[in-house]
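Here the structure is laid out as structure tokens; the discussion comes afterwards.
The values are calculated or read from the model by the stated rules, or taken from the named source; none is laboratory data. Note that this is a predicted model, so its numbers are computed, not measured. Cβ sites come from the backbone with ideal geometry, for glycine too, and all protein chains shown count toward neighbours. Accessible surface areas use protein heavy atoms only, side chains included; no ligands, DNA or RNA. Shrake-Rupley method; radii C 1.70, N 1.55, O 1.52, S 1.80 Å.
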Amino acid sequence: DGDEIGDECDDCHNLLGDINDDEVHDILDIVNIVNLILDGGMSSDEFGDCEKGDADLNEDGVVNILDIVQLINLIMDNRSIDNNEIGKASVDFQTIGNDLYINIDSNKDFSGVQLSFMGEFLNIDLLNNSHIQLSSKADNGTTRMVAYSLLNDSFDGHQATFIVRNTHSIDIADVNITVADKNGNAIITTQSMNS
């Protein structure tokens, strides 16, 4: 099949991170992986099996923010500044008026966050952290959001505050959150509700 990986004939180049099979890791792959995540990840109907397999850099069977951070590091010559200490973060949910504030406070640098929850909420903001890219999509009763730095820069002060506007019906038990350290490893989160 010409991909120099194994002897099987298949339609994939099998280069992890190269979701568009052009045999180059670049910004196009990052954008495609973001779109795959926002479209539902491994359950997306818009992406083929080759694309899903190539998007799963850490080969954990899930395409998420961890894969984006690892791809950014790969593009930047595997720049890994962070130690391998397991990170911990508290996630505090607070309702103010009709808005849901999601506050993340970590004991180490993090450079990516992924949220998903039931309901279609189109207005999600990130306070401060102007160097962070935020992309979201609401579709088929689910909202998905990814936030990351194209240079793998950390969120300021080990903290982030996301505001989901006009959320009168979100149950925080339905909010899934993944926080990625600068190496693309998951940070352990504990969640609480501040009334």
Specify whether the C-alpha gyration tensor of segment 41-168 places it in the rounded, prolate or oblate class, a ≥ b ≥ c being the square roots of the eigenvalues: rounded for a/c under 1.5, otherwise prolate if a/b is larger than b/c and oblate if not. oblate
Counting helices only, and only those DSSP H runs with n ≥ 4, report the 222 nm mean residue ellipticity of the chain as the sum of -39,500 (n - 2.57) divided by its residues, in deg cm²/dmol to the nearest 500. -4500 deg cm²/dmol
What residues qualify as long-range amide H neighbours of residue 182, i.e. H under 5 Å apart, gap of 5 or more or another chain, H built at 1.01 Å from N? 111
To the nearest 10 degrees, how steep is helix 65-75 against the longest Cα principal axis of the chain, on a 0 to 90 scale? 50 degrees
Roughly what would the spin-label model give for residue 31 and residue 118, points 7 Å off Cα along C-beta, in nm? 3.5 nm
FRET E, pair residue 76, residue 107, Förster distance 25 Å, beta-carbon r, rounded to 0.05: 0.55
About the Cα centre, and with charges only on the beta carbon of Lys, Arg (+1) and Asp, Glu (-1), how big is the dipole of the chain? Nearest 20 debye, please. 1540 debye
Expressed as a whole percentage, what fraction of the accessible surface of the chain belongs to carbon and sulfur atoms when a 1.4 Å probe is rolled over the protein heavy atoms? 44 percent
GNM of the chain, Cα pairs under 10 angstrom: of 151, 36, 115, the biggest fluctuation goes to 151
Counting only heavy atoms of the protein chains, get the accessible area per residue of segment 28-110 (1.4 Å probe) and round it to a whole Å² value. 45 Å²
Folded to 0 to 90 degrees: helix 27-38 orientation relative to the chain principal axis, Cα: 50 degrees
Efficiency of FRET between residue 158 and residue 43 - r from beta-carbon atoms, R0 35 angstrom, step 0.05: 0.65
Straight-line reach from residue 88: which lysines fall under 16 Å, measuring Cα to Cα and dropping same-chain residues less than 8 apart? 108, 182
Amide H partners (placed H, <5 Å) of residue 63, local residues excluded: 42
If you take the square roots of the eigenvalues of the alpha-carbon gyration tensor of segment 28-100 and sort them as a ≥ b ≥ c, do you get rounded (a/c under 1.5), prolate (a/b over b/c) or oblate? oblate
Hey, which lysines would be in cross-link range of residue 137, C-alpha to C-alpha under 23 Å, not counting anything within fewer than 8 residues on its own chain? 52
